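The values are calculated or read from the model by the stated rules, or taken from the named source; none is laboratory data. In this text the structure is predicted, and so the values were computed from the model without any measurement. Neighbour counts run over all protein chains shown; Cβ positions are idealised from the backbone, glycine included.
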Amino acid sequence: MKQILKNPHLWIILAIMTGGAVFYYADQIPMIRDVVDRAPIGLTRYSTHRILSIIPVAYAALVFGFRGGTTAAIVISLALLPRALVITASEQGEAIAEIIAFLFIGLLVSWLIDRQLKTVYRLEVTQEELRGSLQTIKQQQQQLFSLYTISTIIYRTLDIGEIAKNALKEVLNVTGAEVGWIYVEDNETGDLVLSAHQGLSPEFVNAASRVKRGQNLDGQVAQFGKPKVVDKASHDFNLRLPGREDTGAIIIVPLRSRIAIRGTLGIAMGNQHDDTSSKLDLLTASGEAIGIAIGHALLALEQKVITQQLQLSEELYRGLFENASEAIFICSSIGRIISVNRACEQLTGYSNQELLNTTIYNLFCAEGLNEVKQLFSGAQKEETQREDTELCLIKKDRTEAYVELKVSPLQRADESMGLQAIVRDITEERRLRQNMQYYITQITRVQEDERLRISRELHDDTAQVLISLSRDLDALMSDELKLPKAAIKRLQKLYETTDSVLEGIRRFSQDLRPSILDDLGLVPALEWLASDLEKEYGIKSEVSITGNQRRLQPESELAIFRIAQEILSNVKKHSQASTVEMTMDFGEDALTLIITDNGQGFYVPQRTSDLVLYGKLGIIGMRERARLVGGTLIVQSDMGSGTTVTLRVPE
Amino acid sequence: MDKTRVIIADDHVLVRQGTRSLLETEPDIEVVGEASDGEEAVQLVSQVHPDVALIDIAMPNVNGIEATRRIKADYPATAVLILTAYDNDQYILALLDAGAAGYLLKNVGKNDLVNAIRAVRAGEAVLHPAIARKVFARYANTAEQAGETVLPQELSEREMEILRLAAASMSNPDIAEQLHLSRRTVQAHLGNIFRKMDVGSRTEAILEALKRGWFTLDDIV
């Protein structure tokens, strides 16, 4: 109410109203009538009064709305009433009609003006809203543009330092901040490294050039991935912004890529009040853009390194491939030759072009072809090839070469690129080996012959002489000669010495060539070995025989016996076994001897070359011995699980 | 009693002659022939039918064990004593298997050799009791496994009794004393037993009886 009273428009309206009333009643008040009649107004008193009455109504409606206009109209109507009721009795009807007409016009005017005003107001509000939206759109457009600018600038390079520098510059440009910095994660240590900064004091740069995750504000942002806003940074110790008293709010956001947080972006604003929330949005978006750019750069760098490594290894392989002394064929899965090296040409006698027009299977002899195909299909299934396989290869000039074939899959990034077949010419090696085997056979035979000869000699000559000597001594001691007691005593001593020499000779002869093997055969000879092992070393030994027991070829019997002797000698020397089981099976077409001990076992290398390396020469010797009589020898053992040797000799 | 007729088979002249000279000094032993290998020995036995053949294992052509097998097949009444350099179980079992009455180590003294020959002739044991038990046990096992139980029809009760006592490692005098017989009678009974069983020595008779399942290991230990 007070406010309305203070409003000057009210008083103007009231003044005009009063003026109108004066004109209306002027004929009744002589003093005023004269003044009015004399006034140089070209209008009648009534006209002036009507104008002065309608103006306040319109005015009030304009200023105070519909209610104001209505109130003004009612007030003026009330002011007209005394005339109709008191003054002009004759014209009473006319006066009342006039009042009613006035009231109607006043209300109409008020309503019209109010309606008009309301429309204008609504228009104004809409206009205001439009202006606001436009502002937001402009702001968003600006942010988008900033982000776009940041993106384009930082994607121009793969250098992370450069990205940080460019991004920071643009961020400061867009936000209008003077101070800003970017920390980027060190890939190796995980620490944050200050990679770009502007407006920071040298002391700060020195002190916080490297920050651990979780340490300081930046470390915490990097650790938890949540932006931080500090309103009054100059009081925050953690910020370490010495000498920047004027620093206002600080905003730090993570540089987030899809999978990781790559660092932080921070800005410090001036002291002036600023809208941190809109900045925060912009900054968060910028952080994401920068994070993704850094991730992208890291990925690109990694890719580059991998590509370089691949190129290098490819070059290396190419060099090895071309200059290898072994023939290397690169084949498709069905054996079609894709690439060959120089050694292939030398090995086969075919030219490069000729080889590329054929399959590798065509190079091998028919009898070994199945094995070759098996090797290829095995390599495709990524089975490891155990022993080197010996195969026959046909050269262009139809001569044969013996080769060793190794097939392995070629892979690149888990994708099969075909098969690599390495072919090594072992013709010469094989010939040497055959010669060697021939010599070994000869040497073994000569050795056995020699042993037999010496053993016989010892038995037939030395032992017989000693037997005679012993008998002569016995005869000398007989009562008939009546030698003195002292002499007999000495003779007895001589007799005993002779006996022990004889015993020694026998044992030596048996060791060289056990007569038991020749006299009684393999089974008693093995039983003898077993009983000897039990008697001399306390290792419980059992021999069991299956099948149709019979004598074999003397060489076979000797070989089997020697191998058994060697196995048992290993058992007593190395195995620490307490029992040995020997099973001899006389099969229809082969003899199988299995010797098992419960000793500590040992590692059995698979390849012959490894046997040499591991000093298992005994196994090689036994295998060689078995091979000489067409047999095979398999040694199975493992640390802590005993040893089983299986010898098979066909008849 | 007649002189014990002996042949010597050894491929070493020196040893053969030595053995001969040892035996020739004995009045009750007569060396009736010499052979220098297994084949000759087999022939000699079929010609002269000796009571005892002294045979060396290690001989050319046919070795002593094979020669023993053949001799026993042709002329079972001849008892074979093997002269061997080796006394391990495999040899002993093999030579007894072949039908030898016993074995002697080649460097035996004169007394042992002569005693062994006399013992064989008298139907006495020539194997050391410990070795005999080991060998008999093995034979008894194989017989039981085979389940052979052929009852003796050709032997009289008295003969069976004597054989059982002999198998229990009793000497002839001990058997004579236990059965209140003279030594000579026991020796005669043993001779009859050997003849009926077609063997030449106590060892062979016991092994054969075990093989035929006439008595078990419990009877002889």
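Within the range A:455-468, the set of residues being aliphatic (A, V, I, L, M) and either more than 9 Å from chain B (Cβ to nearest Cβ) or crowded, with 17+ Cβ neighbours inside 10 Å (or both) comprises A:LEU458, A:ALA463, A:LEU466, A:ILE467. Would you mind stating whether B:GLU30 is in contact (Cβ under 8 Å) with a residue 12 or more places away in the chain, assigned to a loop (DSSP other than H, G, I, E, B) and either more than 13 Å from chain A (Cβ to nearest Cβ) or of a type in the set (D, E, K, R) (or both)? Against the criterion (in contact (Cβ under 8 Å) with a residue 12 or more places away in the chain, assigned to a loop (DSSP other than H, G, I, E, B) and either more than 13 Å from chain A (Cβ to nearest Cβ) or of a type in the set (D, E, K, R) (or both)), B:GLU30 does not qualify.
Consider the range B:171-221 and keep the residues that are assigned to a helix (DSSP H, G or I) and of a type in the set (Asp, Glu). The one that is surrounded by the most Cβ atoms within 10 Å (Cβ to Cβ) is B:GLU204. Please go through the range B:95-136 and pick out each residue that is within 14 Å of chain A (Cβ to nearest Cβ) and part of a loop (DSSP other than H, G, I, E, B). Correct list: B:ALA100, B:LYS106, B:ASN107, B:VAL108, B:GLY109. Of all residues in the range A:267-275, one or more are at pLDDT 85 or above and not in a loop (DSSP other than H, G, I, E, B). Among the residues of the range B:1-21, the ones that are within 15 Å of B:GLY64 (Cα to Cα) and away from chain A (no Cβ under 14 Å) come to 2 in all. The numbered conditions (1) more than 10 Å from chain A (Cβ to nearest Cβ); (2) free of Cβ contacts under 8 Å to residues at least 60 places away in the same chain; (3) part of a helix (DSSP H, G or I) are all true for B:VAL62 except (3).
Quickly run through the range A:489-505 and pick out the residues that are touching a Leu at 6+ places or on another chain (Cβ under 8 Å) and either within 11 Å of another protein chain (Cβ to nearest Cβ) or free of Cβ contacts under 8 Å to residues at least 12 places away in the same chain (or both). Passing the criteria: A:TYR495, A:THR498, A:VAL501, A:LEU502, A:ILE505. If you go through the range A:99-132 and pick out every residue that is modelled with pLDDT under 90 and not assigned by TED's automatic domain parsing to the domain that holds A:PRO82, you end up with 1. Residues of the range B:35-48 include none that is within 20 Å of B:ARG202 (Cβ to Cβ), within 14 Å of chain A (Cβ to nearest Cβ), without any contact (Cβ under 8 Å) to a residue 40 or more places away in the chain and charged (D, E, K, R).
Being within 23 Å of A:VAL580 (Cα to Cα) and not aromatic (Phe, Trp, Tyr) narrows it down to one residue among A:LEU526, A:LEU512, A:LEU491, A:LEU502; which is it? Selected residue: A:LEU526, the only one of A:LEU526, A:LEU512, A:LEU491, A:LEU502 that is within 23 Å of A:VAL580 (Cα to Cα) and not aromatic (Phe, Trp, Tyr). Screening A:ARG471 on (1) farther than 27 Å from B:TYR86 by Cβ; (2) buried (at least 16 other Cβ atoms within 10 Å of the Cβ); (3) within 11 Å of chain B (Cβ to nearest Cβ) shows it passes everything except condition (1).
Yes/no matrix, rows are residues, columns are (1) within 19 Å of A:LEU522 (Cα to Cα); (2) surrounded by 20 or more Cβ atoms within 10 Å (Cβ to Cβ):
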| site | (1), (2) |
| --- | --- |
| A:LYS540 | no, no |
| A:THR546 | yes, no |
| A:LEU568 | yes, yes |
| A:SER578 | no, no |
| A:GLU581 | yes, no |
| A:GLY618 | no, no |
| A:GLY631 | yes, yes |
| A:THR646 | yes, no |
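Kindly evaluate B:ILE92 against the criterion of being more than 11 Å from chain A (Cβ to nearest Cβ) and not charged (D, E, K, R). No: the conditions fail for B:ILE92. Output the residue which, of all residues in the range A:439-454 that are out of contact with any helix residue (DSSP H, G or I) (no Cβ under 8 Å at 6 or more places or on another chain), of a type outside the set (S, T, N, Q) and within 20 Å of A:GLU557 (Cβ to Cβ), is nearest to the other protein chains (Cβ to nearest Cβ). Checked the range A:439-454; the qualifying residue nearest to the other protein chains (Cβ to nearest Cβ) is A:ARG453.
Annotation note: of A:SER509, A:SER541, A:SER531, the sole residue that is within 14 Å of another protein chain (Cβ to nearest Cβ), among the hydroxyl-bearing types (Ser, Thr, Tyr) and under 18 Å from A:GLY599 (Cα atoms) is A:SER541. Only one of the numbered conditions (1) more than 14 Å from chain A (Cβ to nearest Cβ); (2) at pLDDT 85 or above; (3) part of a loop (DSSP other than H, G, I, E, B) is violated by B:ILE162, and that is (3). Give the number of residues within the range B:88-107 that are touching a residue at least 12 places away in the same chain (Cβ under 8 Å) and within 19 Å of A:SER468 (Cα to Cα). Counting residues in the range B:88-107 that are touching a residue at least 12 places away in the same chain (Cβ under 8 Å) and within 19 Å of A:SER468 (Cα to Cα) gives 4. Taken together, A:SER531, A:SER569, A:SER515, A:SER500 contain a single residue that is within 60 Å of the chain's Cα centre (by Cα) and of a type in the set (Ser, Thr, Tyr), which is A:SER569.
Within the range A:74-104, can you find the residues that are among the β-branched types (Val, Ile, Thr) and closer than 18 Å to A:VAL22 by Cα?
Once the filter is applied, which keeps residues that are among the β-branched types (Val, Ile, Thr) and closer than 18 Å to A:VAL22 by Cα, the range A:74-104 yields A:ILE74, A:VAL75, A:ILE76, A:VAL86, A:ILE87, A:THR88, A:ILE99.
Within the range B:78-87, if we keep just the residues that are part of a loop (DSSP other than H, G, I, E, B), within 11 Å of chain A (Cβ to nearest Cβ) and touching a residue at least 24 places away in the same chain (Cβ under 8 Å), the residue that is farthest from A:ILE467 (Cα to Cα) turns out to be B:TYR86.
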